[in-house]
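Reviewing the structure listed below.
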Amino acid sequence: MKKYFLPVTVVLSLLFVSCNNDDKKKETEMKEPKLKEENVTYSPAGIKDSLVLDGYVAYDENIEGKRPAVLVVHEWWGLNDYVKMRVRELAKLGYIAMALDMYGNGKRADNPTDAGNLAGPFYQNPQMAKERFDAALVKLKSYSQADASKVAAIGYCFGGTQVLNMANLGEDLVAVVSFHGGLKVVTPDKNLLKAQVLVCHGAADPFVPQAEVDLFRKQMDSIGAKYTFKAYEGATHAFSNPDATANGQKFNIPIAYNAAADTASWKDMKDFFGTIFK
C-alpha cells in the first residue's frame, strides 16, 4: 500500500489556519460584554386607568441570536439602581434581562412607611401583581434576542415573594429564584406550577420565621414540586443588597448586607440556571 505525504507547505498552511481559528475562538470567548441598555415603558392589557410602567432592559450585543430571558422584580423600594445593577449582571452572564415595575407611574419609596404602602396591595391581591407581571413578560418577549421558550424570573425581598406567587399562579416560566423573599405565598398547585424553584433564604431573617419556612416547604413537598431551598448562615433580610446595612441603621429595621451570602446565592442562581437552560 502506498503512503501519501502532504507537502510541508500544505501542512504548515493547515496548522496556521487551525491556530488562527483557535485564536479567533479564544478572542471571542475573552471579549468583554458590550451591554445594550434601554429604559422602556409599557402598560398592562385591559387596564382602564392610566397606568404607565417603567422597565429597564440589558443584553450583550456581542452575542448573536436568541438567549434565555430573565425578568427581575424589585424590592419594596421600587425600581431603583440596585435592581438595574442586577439586570446588568445577568446581561453579562449572557441573558437578556428586564427589571419590571410593579408600582407604575414613577412611584418609588425612600422610607419604610411609603414602601409598605406601595407593596401592601400586591401581597393582598396577587392577581393585580400578575397583570403587571404579564405586561412585562410580553414586553421582554417582544425582543428578538429573547428565547420565549426559556424565560425565568428572579426577585428580591418583596420581589422574591412575587416571583414565587407568579410561579404558583401558573405563569409560563421555566424557573424562578427568590432572594430573601417572604414565603407567605399563593398555595402551590401541581396543575399550575410549571417552574422549577430556587429559594435563597437568610437563615437569620427575622421577617421570615421558621414556621413560615416549614409551611412553605411542606406545601411544596405535598405537590412534588421541583424546588431547592438554600439557607445562608448568619444572613438576615436583604442580605444581597449592599445598601441594606445603611438603610437598616437609618430606619432602625433588622436588615443588613452579607457579602458571603450575596456571593453564595448568586453562584447558586448561576448554577441553577446553568442546569435549567442547558
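The values are calculated or read from the model by the stated rules, or taken from the named source; none is laboratory data. What you are looking at is a predicted structure, and each value in this text was computed from that prediction instead of being measured. Using ideal geometry, Cβ is built from the backbone for each residue, glycine included, and neighbour counts are taken over all protein chains shown.
Quick one: is ALA69 over 20 Å from VAL174 (Cα atoms) and touching a residue at least 40 places away in the same chain (Cβ under 8 Å)? Criteria not met by ALA69.
Residues that are out of contact with any helix residue (DSSP H, G or I) (no Cβ under 9 Å at 6 or more places or on another chain) and buried (at least 22 other Cβ atoms within 10 Å of the Cβ) number at least 3 in none of the strands (runs of 3 or more DSSP E) confined to segment 30-148. The combined condition, being closer than 30 Å to TYR42 by Cα, within 17 Å of the chain's Cα centre (by Cα), modelled with pLDDT of 95 or more and surrounded by fewer than 22 Cβ atoms within 10 Å (Cβ to Cβ), is not fulfilled by GLN162. Just give me the residues in segment 183-200 being of a type outside the set (A, V, I, L, M, F, W, C) and either touching a residue at least 40 places away in the same chain (Cβ under 8 Å) or buried (at least 24 other Cβ atoms within 10 Å of the Cβ) (or both), in sequence order. Scanning segment 183-200 gives LYS184, GLN196.
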